[in-house]
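Structure first, commentary second.
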Amino acid sequence: MLTAGDVSGIPELYGADALYLEPYNPPHRGNLLIQAYLKDWLGGKDDIEIEATRIVESDDALGVEWAISYTAAGRRWKALPRASFFGFDEQGRIAYHRDYT
């Protein structure tokens, strides 16, 4: 989904009042604002590749170390390390998402 720049499924993945925190920007609250932010962020990137390098799971949370590669402004960015942490609501949708760079 995200590697193709498609964010159409974001509202189904995130709860209506979900919170997305990431460096350098104010909090994003709500599945539609999260969708708009990700659409904008992905809009300037081509040939996106995402690789999960480590996954840690518990009953109500998920942690993922991952790397992203993409082309932007004529330059290829390779294997940039990231980490994301997720919490879920009663319906299994993402209620809390924090990214680290």
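Numbers for the structure displayed
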item: Over region 2-100, relative contact order from alpha-carbon pairs under 8 Å, at least 6 apart, %; result: 27 percent
item: Rounded to the nearest 20 debye, dipole of the chain from Cβ charges on Lys, Arg, Asp, Glu; result: 500 debye
item: Kirkwood hydrodynamic radius (C-alpha pairs) into Stokes-Einstein, the chain, 4 °C and 1.567 mPa s, D in µm²/s; result: 91 µm²/s
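Each value in this text was obtained by applying a stated rule to the coordinates, not by laboratory testing. Remember, it's a predicted structure, so these values are computed and weren't measured experimentally. Note: ideal-geometry Cβ built from the backbone for every residue, glycine included; neighbour counts use all protein chains shown.
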